[in-house]
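Structure, as structure tokens:
No lab work stands behind these numbers, since they all come straight from the coordinates. Predicted model, so just to flag it, every value in this text is computed and none were measured. We place every Cβ from the backbone using ideal geometry, glycine too, and count neighbours over all the protein chains shown.
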Amino acid sequence: MKEKEIFLLLNAIKKNTDIKRLVREGLSYSDIARLTKEAITNGLVDYQDEKIQLSNNGIELYEQIKDNYKRTNKDEWIEKDIKSQIPRIDKNTIFVPRQNELTF
């Protein structure tokens with residue numbers, strides 16, 4: 001288990017958030033399930049009554065490593081959406097949309 005992956009999992013469990021950040025880091029859902037199972041086996045996470053929460057060991061580890069992965073650069077807070085980015089056109093080019101593409 002990588003330390004960053006453990007931190008992201010513990011952070012998601014502690015703050016009761018979704019796992020999108022783990023997916024954006026390149027983990028598949030099966031990897032996240034494996035990581036969660038390992039965290040339960042290692043005693044970092046308690047799973048009781050269909051609820052998952054950090055154990056005392058998990059809280060201690062989270063407190064130790066949270067400063068290593070804290071985002072202090074504000075540019076990293078919002079990730080760029082590259083897939084929706086359109087290509088630049090020359091400033092001397094006039095863009096005229098097709099009539100069937102207008103939606104207003």
Compute the distance in nm between two label points, each set 7 Å from the Cα along the Cα-to-Cβ direction, one at LYS15 and one at GLN64. 2.2 nm
Just how far, in whole angstrom, is the range 1-24 from the range 29-104 if you go by their alpha carbon centroids? 9 Å
If a paramagnetic tag sat 7 Å from the Cα of GLU79 along the Cα-Cβ line, which residues of the range 32-51 would have the backbone N under 20 Å from that point? 32-36
When ARG88, ARG21 are ranked with the fewest other C-beta atoms within 10 Å first, the list becomes ARG88, ARG21
Which of the aspartates and glutamates could be linked to LYS20 by a straight reach, that is with a Cα gap under 16 Å, when you skip same-chain ones fewer than 8 residues away? GLU5, ASP31, GLU76, GLU79, ASP81
Candidates for P(r) over Cα pairs in 5 Å bins from 0, in percent are [x] 2, 13, 21, 20, 15, 11, 8, 6, 3, 1; [y] 2, 9, 16, 18, 13, 8, 6, 6, 5, 6, 5, 4, 1; [z] 2, 12, 23, 24, 17, 11, 7, 4, 1, 0, and the calculated one carries label [y]
Go through the range 53-96 and name the GluC sites (Glu not before Pro) that are in a DSSP coil and have 13 or fewer other Cβ atoms within 10 Å of their Cβ. GLU79
Tell me which lysines have Cα within less than 25 Å of LYS15's Cα, excluding those fewer than 8 residues away on the same chain? LYS2, LYS4, LYS37, LYS51, LYS66, LYS70, LYS74, LYS80
Computed helical MRE - 222 nm, the chain, DSSP H runs ≥ 4 contributing -39500 (n - 2.57), nearest 500: -11500 deg cm²/dmol
For the range 3-70, what does the relative contact order come out to in percent, with C-alpha contacts under 8 Å and a separation of six or more? 34 percent
Using only Cα atoms, tell me the angle between helix 3-14 and the longest principal axis of the chain; keep it within 0 to 90° and round to the nearest 10. 90 degrees
